[in-house]
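Here's the structure, in structure tokens; my notes come after.
The values are calculated or read from the model by the stated rules, or taken from the named source; none is laboratory data. Here the structure is a predicted model, which is why all the values come from computation and not from measurement. No Cβ is skipped: glycine too gets one built from the backbone with ideal geometry, and neighbour counts run over all protein chains shown. Surface accessibility is based on the protein's heavy atoms, side chains included, excluding ligands, DNA and RNA. Shrake-Rupley method; radii C 1.70, N 1.55, O 1.52, S 1.80 Å.
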Amino acid sequence: MNFDKLDEKGAAPTLVVFLLFVLISTSLVINHLRTTEQSAVSSIQMANASDTTRATLNSINSELEEALRKSATAAMYDVGMGGGTIGEVEEKTKEYMNNRIEKGWDYSNLDTNIPQIGNGGNSSIKFIEKPDGSLLIRLRLEDSEIKHILGPTAYGTYIQVDLFPRFRRIESIAKQIDDDLEDTENLEKLEKSYNENYKYEGIKVEIEPDNLIVRDMYAGRRVIV
Amino acid sequence: MDIKGKIVWRLLFGIVMAALLIGILITYTYTQRQFAEEEEAQNLADDLSKTAFSAIDRQERSLDLPIKVGDSQYRLEVAKDQNEFQIEILDSEGENKKFRSTAGVDLENIGGVPDPGEKIYFRGDGEKVFYSENSIESLPSDDDGDGIEYDYPENFYEKNKNNPEETTGLIYAYFYVRDRVEGDANIEGYKWTNPNKLLVNVSGETYTVEWKNKEGEFSRKEITNISENGSPPEGGFEEPNYSIKEAYESGYIYSPTEAKSNIMRRTWEDSEGNIVELSNINFEDDITAARITTDVSNFSSWRLEFEDHTFYHGTMPWRHNDSDPGFLLYSIDDLEVV
């Protein structure tokens, strides 16, 4: 190649300008193709991230639901042993639930923030007495948040648990027996009389000199399918 | 190359470099704008799910939807099955992007989904949250109370406890008709024409409820048939001083379906400890109502006949502070709950 000729005819600058055009155009095309591809991949990733977030919410909700059921049942048992009230059952249930919530949840790619019950914020737990004396519990954690690192987020936890044991009915019968005990010397006869009268309600009574047990025989949930 | 030629080439080179810088600047600005737009879309989706959740306790909430997200048009979609709000940014090149946020409650639409620039309204009923483009003044479940309190229907309760025969007939007729008509049924009157025949006026139609005394596991008076061919009695019907419908809506009557479910959601075993499997049954063929006489008292009950086992289930929950013993559930085959 004759470089003198090239210089004379201005071919070198032409080549530089041409090369720059080629570089810019190529980079623009590559960038466009990459962006398009990224966009498609990003849509799929976002949909997956959303599914993961929702699945995590469902998983945490299921766990909290079971925890609430067990906490409330344990609280009824604990409080019932000491002849306590429904208010004490509520406090114990909150305490047990908060112990579980405090441990938190650990997921990769997800930040979970489940607030404790009654620690300020918008959380509430309601104990609703059903006509038969069993409890319906509604737990609402408005500030709960499960956030995927890609953006999709799930807000709020709402759980409703229907408990079988007729706590208020048992409590009421126990008080009634307690009143009767003052005027009765024959505990065996009193126990027999209560068991005969309440058998159609599924209530079983055991009266001992220093112990009174009232059981709900229909409190069990389905254990096999 | 002469001086003139060099100036032309340098100018051309400068223009190309300027174009390159402008290109970079535009790309940077576009990326920043796109980033801000995506953040705005995600925030809008998050606001929607937060607002929806906050409406669960029967409060109405609303949110003004912006006309645009950033500088782009967008579309709001609600994936009902997933309780998810989706903001789709509409790109002129057709590369739409979706931003999602999930509400931790069940969502149900009772109107259209609003367009950008409009308002979206939310209202919950304690179980799920309804959304609409219009203000939600009332919900179908409003008449059921707020689901928090169970009103005590004293007249019905006392009647069903102390005179269960009459209420058993009315409860049976109510659920029989309710099962067949679209909409709700209402018991307007009743009259015994003889000890085994009860005429019931349900929503203006007369039904004949036939009874038969039976012996067996319990002495009982059982409903054996119901038909719509009855004509109003001479002298008219007697009006009950209670409402079966209201008592049911207050949670003070177990429907036949609830009675069946209460039995089936428990595990039963026989006296030898074998687990018992219960077949599925339906109201019309396998469930009837009966006034039963136990060694304690008379009770109103459902009689449920599974393939190999028969149960009696009370028609109403016994109040927790009732000082008299009640009736909930009894298996005549001595099955026990595990």
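Restricting B:Ser227, B:Ser261, B:Ser271 to residues that are out of contact with any strand residue (DSSP E or B) (no Cβ under 7 Å at 6 or more places or on another chain), more than 14 Å from chain A (Cβ to nearest Cβ) and hydroxyl-bearing (Ser, Thr, Tyr) narrows the list to B:Ser271. Does B:Tyr150 fit the bill of being more than 30 Å from B:Ala41 (Cβ to Cβ), open to solvent by 20 Å² or more (accessible area, probe 1.4 Å) and modelled with pLDDT under 90? So B:Tyr150 passes the test.
Among the residues of the range B:203-212, the one identified as modelled with pLDDT under 90 and either of a type in the set (Phe, Trp, Tyr) or in a strand (DSSP E or B) (or both) is B:Glu205. For the range A:137-153, filtered to residues that are open to solvent by 10 Å² or more (accessible area, probe 1.4 Å), more than 27 Å from A:Glu90 (Cβ to Cβ) and at pLDDT 90 or above, the residue that is farthest from the other protein chains (Cβ to nearest Cβ) is A:Ile149. Residues that are more than 7 Å from every other protein chain (Cβ to nearest Cβ) and of a type in the set (Ser, Thr, Tyr) number at least 2 in the following strands (runs of 3 or more DSSP E) confined to the range B:285-334: B:287-293, B:298-305, B:310-314. Looking only at the range A:167-180, residues that are open to solvent by 10 Å² or more (accessible area, probe 1.4 Å), in contact (Cβ under 8 Å) with a residue 12 or more places away in the chain and at the interface with another protein chain (Cβ under 9 Å from one of its Cβ atoms) come to 5 in all.
Of the strands (runs of 3 or more DSSP E) that lie entirely inside the range A:117-210, those containing 1 or more residues that are under 28 Å from B:Lys128 (Cβ atoms) span A:123-129, A:135-148, A:153-162. The set of residues in the range A:98-120 that are open to solvent by 60 Å² or more (accessible area, probe 1.4 Å), within 14 Å of chain B (Cβ to nearest Cβ) and of a type outside the set (D, E, K, R) contains only A:Asn113. The combined condition, being closer than 24 Å to A:Ser39 by Cα and assigned to a strand (DSSP E or B), is fulfilled by B:Glu88. Among the residues of the range B:66-78, are any of a type in the set (D, E, K, R) and more than 20 Å from B:Glu37 (Cβ to Cβ)? No, every residue in the range B:66-78 fails to be of a type in the set (D, E, K, R) and more than 20 Å from B:Glu37 (Cβ to Cβ). The condition of being facing chain A (nearest Cβ under 10 Å) and of a type outside the set (Val, Ile, Thr) does not hold for B:Asp115. Looking only at the range A:20-39, which residues are hydrophobic (A, V, I, L, M, F, W, C) and more than 10 Å from every other protein chain (Cβ to nearest Cβ)? Across the range A:20-39, the qualifying residues are A:Val22, A:Val29, A:Ile30, A:Leu33. In the set (1) surrounded by fewer than 21 Cβ atoms within 10 Å (Cβ to Cβ); (2) away from every other protein chain (no Cβ under 14 Å), B:Trp211 fails one condition alone, (1). Look at (1) farther than 24 Å from B:Ser203 by Cα; (2) surrounded by 16 or more Cβ atoms within 10 Å (Cβ to Cβ) and you find that B:Ile332 fails only one, number (2).
Note on the range B:89-107: among residues that are more than 10 Å from chain A (Cβ to nearest Cβ) and touching a Phe, Trp or Tyr at 6+ places or on another chain (Cβ under 7 Å), the one that is farthest from A:Leu141 (Cα to Cα) is B:Leu90. Determine whether B:Arg33 is outside any helix (DSSP H, G or I), open to solvent by 70 Å² or more (accessible area, probe 1.4 Å) and of a type in the set (Lys, Arg). It is false that B:Arg33 is outside any helix (DSSP H, G or I), open to solvent by 70 Å² or more (accessible area, probe 1.4 Å) and of a type in the set (Lys, Arg). Check B:Glu77 against each of (1) open to solvent by less than 50 Å² (accessible area, probe 1.4 Å); (2) charged (D, E, K, R); (3) closer than 22 Å to A:Ala40 by Cα and name the one condition it does not meet. Only one criterion is unmet by B:Glu77, namely (1).
Suppose the filter is among the aromatic types (Phe, Trp, Tyr), at pLDDT 90 or above and within 14 Å of B:Tyr176 (Cα to Cα); does B:Tyr242 pass it? Judged against the criteria, B:Tyr242 is not a match.
A:Tyr194 meets the stated requirement of being more than 7 Å from chain B (Cβ to nearest Cβ) and either in contact (Cβ under 8 Å) with a residue 60 or more places away in the chain or touching a strand residue (DSSP E or B) at 6+ places or on another chain (Cβ under 6 Å) (or both). The number of residues in the range B:248-291 being farther than 18 Å from B:Phe175 by Cβ and either open to solvent by less than 20 Å² (accessible area, probe 1.4 Å) or in contact with a Phe, Trp or Tyr (Cβ under 8 Å, 6 or more places away or on another chain) (or both) comes to 7.
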